[in-house]
Ligand SMILES: [Fe+2]
Ligand SMILES: [Fe+2]
């Protein structure tokens with residue numbers, strides 16, 4: 001993805017957006033709920049592993065289905081990789097005034113997600129902790145692809161990405177079949193929603209300040225969007241399991257992530273666009289039509305597979 005704005009222009013825009021950041025931090029703090037990760041962990045189920053004289057993990061100890069295991073592993077590793085996202089965002093947003101305050105607050109909240117999920121999975125023996133640690137080390141040692149570079153591209157990316165993790169966490173929680181796991185993931189999903197609102201409001205302001213560049217950034221990000229888990233070990237296999245189970249699939253990506261955010265920005269209603277912005281919007285619309293068709297095909301094929309499975313069972 002080529003960077004849309006020249007760094008000098010970006011610096012000016014960072015300054016112009018700073019009061020919007022400050023106002024949205026106030027908004028965020030007035031609605032965010034402080035919660036404690038330990039409250040969502042059934043500690044009474046916990047026991048030592050062999051290192052301390054207990055028993056190591058074995059598959060029959062887990063109550064999670066293979067689908068729930070895949071979803072919880074992918075979602076936890078995504079949270080674990082926070083240092084990479086922190087680096088990308090700190091580079092794109094800088095560390096001045098309100099930008100710094102937000103970066104620190106956001107990072108602290110995101111860190112809580114990994115703490116809570118790992119404690120929950122370790123205590124309930126939901127997944128193999130040795131395998132999980134091996135995956136975490138592999139992922140964090142390779143980091144993430146650098147992804148979007150510029151300020152506007154990153155603002156657009158995180159708007160979609162926070163909403164995508166909200167959807168994915170919420171559905172993964174349901175898939176655990178455990179009331180505590182469900183509650184925990186709903187709690188985390190609520191945080192992700194507030195993060196999405198924060199970034200979405202910034203993009204909205206940037207659409208007023210730099211409409212052409214912002215529109216081009218939105219197009220570039222939607223056309224190249226990848227879930228943050230894309231660098232994880234076994235990601236392709238796990239993301240297929242997650243999509244087949246309807247935890248995160250192309251239909252949800254189109255209907256519950258991309259479209260609501262674009263609608264909020266009134267992307268398809270604006271009448272004040274330059275020719276370049278108009279062209280970006282047309283490319284975006286064309287791409288989304290293709291995604292919609294692909295999503296329809298995917299859902300139909302999935303339904304056929306399910307029907308076939310049910311027929312062969314009866
Ligand atoms: Fe998170
Ligand atoms: Fe988040």
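The values are calculated or read from the model by the stated rules, or taken from the named source; none is laboratory data. Note that this is a predicted model, so its numbers are computed, not measured. Ideal geometry is used to build each Cβ from the backbone, glycine not excepted, and the neighbour counts take in all protein chains shown.
Restricting the search to region 133-150, which residues are in a helix (DSSP H, G or I) and over 18 Å from the mean Cα position of the chain (by Cα)?
133, 134, 135, 137, 138, 141, 142, listed by residue number.
Find the helices (runs of 4 or more DSSP H) located wholly in region 178-287 whose residues include 3 or more that are within 16 Å of ligand 2 (Cβ to nearest atom) and either over 26 Å from residue 93 (Cβ atoms) or at pLDDT below 95 (or both), and list them.
179-209
Go through (1) outside any helix (DSSP H, G or I); (2) more than 25 Å from residue 32 (Cβ to Cβ) for residue 130 and report which single condition fails.
Unmet condition: (1).
Can you name the condition, by its number, that residue 160 falls short on among (1) more than 23 Å from residue 276 (Cα to Cα); (2) within 15 Å of ligand 2 (Cβ to nearest atom)?
Among (1) more than 23 Å from residue 276 (Cα to Cα); (2) within 15 Å of ligand 2 (Cβ to nearest atom), residue 160 violates only (1).
Considering only region 165-177, state which residues are surrounded by fewer than 22 Cβ atoms within 10 Å (Cβ to Cβ) and away from ligand 2 (no atom under 15 Å from the Cβ).
Passing the criteria: 171, 174, 177.
Please verify whether residue 34 is part of a loop (DSSP other than H, G, I, E, B) and within 16 Å of ligand 1 (Cβ to nearest atom), treating the condition exactly as stated.
yes
Contact list please: Cβ distance under 8 Å, first residue in region 87-113 and more than 13 Å from residue 192 (Cα to Cα) and within 15 Å of ligand 2 (Cβ to nearest atom), second residue modelled with pLDDT under 95 and outside any helix (DSSP H, G or I), pairs at least six apart or on different chains.
So the pair list comes out as 88/144; 88/146; 88/147; 88/148; 103/95.
Quick one: what pairs do we get from region 143-160, first residue under 18 Å from residue 208 (Cα atoms), second assigned to a loop (DSSP other than H, G, I, E, B) and modelled with pLDDT of 95 or more, C-beta under 9 Å, 6+ apart or different chains?
Hits for this filter: 152/210; 159/265.
Can you tell me how many residues in region 123-157 are on the phi > 0 side of the Ramachandran plot and more than 16 Å from ligand 2 (Cβ to nearest atom)?
Adding up the residues that qualify gives 2.
Scan region 228-243 and give yes if some residue there is on the phi > 0 side of the Ramachandran plot, over 14 Å from the mean Cα position of the chain (by Cα) and either more than 16 Å from ligand 1 (Cβ to nearest atom) or surrounded by 15 or more Cβ atoms within 10 Å (Cβ to Cβ) (or both), otherwise no.
Taking every residue of region 228-243 in turn, at least one turns out to be on the phi > 0 side of the Ramachandran plot, over 14 Å from the mean Cα position of the chain (by Cα) and either more than 16 Å from ligand 1 (Cβ to nearest atom) or surrounded by 15 or more Cβ atoms within 10 Å (Cβ to Cβ) (or both).
Give the residue that is surrounded by the most Cβ atoms within 10 Å (Cβ to Cβ), with candidates limited to residues of region 90-118 that are more than 16 Å from the chain's Cα centre (by Cα), modelled with pLDDT of 95 or more and within 16 Å of residue 21 (Cβ to Cβ).
Going through the qualifying residues, I end up with 99.
Looking at region 166-176, is at least one residue touching a helix residue (DSSP H, G or I) at 6+ places or on another chain (Cβ under 8 Å), under 19 Å from residue 71 (Cα atoms), outside any loop (DSSP other than H, G, I, E, B) and more than 16 Å from ligand 1 (Cβ to nearest atom)?
yes
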